1. Conditions: (1) within 20 Å of Glu222 (Cβ to Cβ); (2) touching a strand residue (DSSP E or B) at 6+ places or on another chain (Cβ under 6 Å); (3) of a type in the set (D, E, K, R). Arg33 meets all but one. Number of the miss?
2. Looking at the range 229-245, can you tell me whether even one residue there is out of contact with any His (no Cβ under 6 Å at 6 or more places or on another chain), in a strand (DSSP E or B) and of a type in the set (Asp, Glu)?
3. Can you spot a residue in the range 81-96 that is within 16 Å of the chain's Cα centre (by Cα), more than 27 Å from Gly137 (Cα to Cα), among the aliphatic types (A, V, I, L, M) and not in a helix (DSSP H, G or I)?
4. Can you find, within the range 97-110, the residue that is farthest from Leu229 (Cα to Cα) among those that are assigned to a loop (DSSP other than H, G, I, E, B) and without any contact (Cβ under 8 Å) to a residue 24 or more places away in the chain?
5. Output the residue which, of all residues in the range 208-222 that are more than 19 Å from Leu11 (Cα to Cα) and not in a loop (DSSP other than H, G, I, E, B), is farthest from the chain's Cα centre (by Cα).
6. Give the range 208-238 a look and list any residue that's surrounded by 15 or more Cβ atoms within 10 Å (Cβ to Cβ), closer than 30 Å to Gly137 by Cβ and among the hydrophobic types (A, V, I, L, M, F, W, C), or say none.
7. Has the range 183-192 got any residue that is of a type in the set (Ser, Thr, Tyr) and either at positive phi or part of a strand (DSSP E or B) (or both)?
8. Looking at (1) out of contact with any Cys (no Cβ under 9 Å at 6 or more places or on another chain); (2) of a type in the set (S, T, N, Q); (3) modelled with pLDDT of 95 or more; (4) surrounded by fewer than 17 Cβ atoms within 10 Å (Cβ to Cβ), which one does Ser254 not meet, given that it meets all the others?
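The values are calculated or read from the model by the stated rules, or taken from the named source; none is laboratory data. Just so you know, these numbers come straight off a predicted model, no measurement behind them. Methodologically, a virtual Cβ is constructed for each residue, glycine included, from the backbone with ideal geometry; neighbour enumeration extends over all protein chains shown.
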Amino acid sequence: MKFQFENQVALVTGGSRGIGRVIAQMFAEAGARVVVHYRSNRVAAEETLGVLAGEGHMIVAADIGVTADLERLTAEVMAQMGRIDILVNNAGVFFHHPLATTDFATWRESWDVVLRTNLIGVADLCYLVGQEMIKQGGGRIVNVSSRGAFRGEPDAPAYGASKAGLNGMGQSLAQSLAPHNVFVHTVAPGFVETDMAAGVLAGPAGEGIRQQSPLGRVARPEEVARAVLFCASAGTEFMTGCIIDVNGASYLRS
């Protein structure tokens, strides 16, 4: 499938590395002007900017968990780009905090940070960008969730809860925003072959993780990115509210 996003602006959070970088690259190759969001690693963001096809791209720093940062981010993008046609909420955090072995202070902090970043911050950005999309007559929001929202995350319950909340929020927004020509989709990957997962996949648990899928491997970033671009494409309007699994049948839900 050939994607086409000429004359569109795509804001990709967490776009400086991993899945986000590949999403940004694929949008640029399809003709979009891309906004690469990063939290603190400006070098990685500039590296991503340097490999994007075409012209007119930008990078912008913000902490997704800080409301003032999100207000500034939205204002900066609108000032430079003039519009936001596509918002990809890809940025997120993951902390191990199993109940049996975690002290209460760490447990509380984990919940606070993960929910503030993975759910509340995303909700705030959906609001801020969604308002701009309504004014301009439409847009697309694609949230990157996780199979952990369905199967559970025993060692990272805040992460699982945040992604389950993200799924529910996306479906609610799909219903409320469709009359404004704003469509909301969710992509839910399992393990993905990225730098962040490399240590786990190379360790003793790696083979077991790969064998969770009948394909005997984990997802490639391009496979997740392709699903994101498909959701953002014209012709998928009647799929608004959907959740697309990209986990190689490692977890199947009814």
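1. Every listed condition holds for Arg33 apart from (1).
2. Yes, the range 229-245 contains at least one residue that is out of contact with any His (no Cβ under 6 Å at 6 or more places or on another chain), in a strand (DSSP E or B) and of a type in the set (Asp, Glu).
3. Checking the range 81-96: at least one residue is within 16 Å of the chain's Cα centre (by Cα), more than 27 Å from Gly137 (Cα to Cα), among the aliphatic types (A, V, I, L, M) and not in a helix (DSSP H, G or I).
4. Filtering the range 97-110 for residues that are assigned to a loop (DSSP other than H, G, I, E, B) and without any contact (Cβ under 8 Å) to a residue 24 or more places away in the chain, the one farthest from Leu229 (Cα to Cα) comes out as Asp103.
5. For the range 208-222, the residue satisfying everything is Gly208.
6. Val224, Ala225, Ala227, Val228, Leu229, Phe230, Cys231, Ala232
7. yes
8. Going through the list (1) out of contact with any Cys (no Cβ under 9 Å at 6 or more places or on another chain); (2) of a type in the set (S, T, N, Q); (3) modelled with pLDDT of 95 or more; (4) surrounded by fewer than 17 Cβ atoms within 10 Å (Cβ to Cβ), Ser254 breaks only (3).
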